[in-house]
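Okay, so here's the structure we're looking at.
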Amino acid sequence: MDIVVVGATGRTGSEIVAEASGRGHDVVGIATTPDTIEDVRVYPSEEFPELLDGADVVIDFTLPEATREYAGMVADAGVPYVVGTTGFEAAGLDALRDASESTAVLKASNFARGVQALLRVVEAGVEALPDYDVELTETHHSGKRDAPSGTANTILDVVDSARGANLERTHGREGEHRREDSEVGVHVRRAGAVRGEHELLLAGNDEVLTLTHRAESRRVFAAGAVDAAEWLAGRVPGWYEFGDVL
């Protein structure tokens with residue numbers, strides 16, 4: 001399979017290049033600075049449209065502004081598009097939705113299989129404990145840009161769905177702050193080289209339940225992204241999620 005990896009020289013992009021190459025796929029990379037990774041040629045972003053000719057799928061882990069631009073090109077070329085970029089505003093998501101009318105688009109905030117399992121457990125736990133307080137803590141490396149993380153926001157969306165209400169997201173607390181039943185605390189930590197850790201806490205009835213996922217390496221995200229690419233290639237146009245792959 002011919003795979004184009006956008007953001008190939010980034011932290012996760014380089015892992016995706018190695019993972020896809022290791023599985024025997026033909027891989028080329030796109031980055032702002034040309035390079036060679038694992039014997040894979042990385043081209044400048046200006047050459048992206050040309051590389052779409054003959055590509056089976058594109059994997060994109062870049063920034064929201066770049067992904068919006070690439071989405072239009074991928075849609076025009078009709079190439080399936082796996083997106084792991086996070087931190088989108090509404091316009092960015094709209095661009096991906098528009099692209100899904102012309103090609104298959106799979107968007108996920110996290111490509112770890114364990115996170116998909118966590119989301120299912122979160123839904124079941126919140127539904128089973130409707131009156132318990134909910135707090136979410138997430139930790140990532142010091143260079144991560146968006147806060148809360150895309151995964152944290154996805155977990156919070158699952159909590160809202162399970163509760164049947166949009167809880168008020170309280171980001172940290174300072175001074176006098178009485179906790180309300182209608183809120184969910186969101187706590188963000190950025191430190192060192194932490195790959196990603198998310199903990200949902202449910203407390204009530206004199207007991208505490210914690211649901212936690214911790215990524216030990218970016219390889220877990222790379223493996224999931226390539227799993228998604230292999231699954232998405234050849235699919236009809238539409239909007240897909242990583243849960244569909246599992």
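Nothing in this text is a laboratory measurement; each read-out follows from the coordinates by a stated rule. These figures come from a predicted structure and were not determined experimentally. No Cβ is skipped: glycine too gets one built from the backbone with ideal geometry, and neighbour counts run over all protein chains shown.
Here are a few things to note about the model shown:
- Neighbourhood net charge (14 Å Cβ-Cβ; Lys/Arg +1, Asp/Glu -1) for ASP206: -3
- Spatial separation of Cα centroids for the stretch 20-77 and the stretch 167-246, in angstrom: 27
- FRET efficiency, GLU47 to TRP239 (Cβ-Cβ, R0 22 Å, nearest 0.05): 0.20
- Electrostatic dipole magnitude of the chain [Cβ: Lys, Arg +1; Asp, Glu -1; Cα centre; debye, to 20]: 520
- Simple label model, 7 Å out from Cα along Cβ direction - ASP98 to THR32, nm: 2.4
- Extents of the stretch 113-214, largest first, come to 38, 36, 24 Å (Cα atoms, principal axes, whole angstrom).
- Residues of the stretch 154-178 with amide N under 19 Å of the 7 Å Cα→Cβ point at ASP133: 156, 159-160, 163, 167-178
- Cβ crowding within 10 Å averaged over residues, with 153-166, 225-238, 199-212 ranked highest first: 225-238, 153-166, 199-212
- Electrostatic bookkeeping for ASN166 treats Lys and Arg as +1 and Asp and Glu as -1; over the other residues with beta carbon under 10 Å from its beta carbon, the sum is -1.
- Rounded if a/c under 1.5, otherwise prolate or oblate - the stretch 174-221, Cα gyration tensor axes: oblate
- Neighbour-count order for VAL5, VAL40, VAL121, fewest beta carbons within 10 angstrom listed first: VAL121, VAL40, VAL5
- Percent antiparallel among DSSP beta bridges (both partners in the chain, rounded to 5): 35
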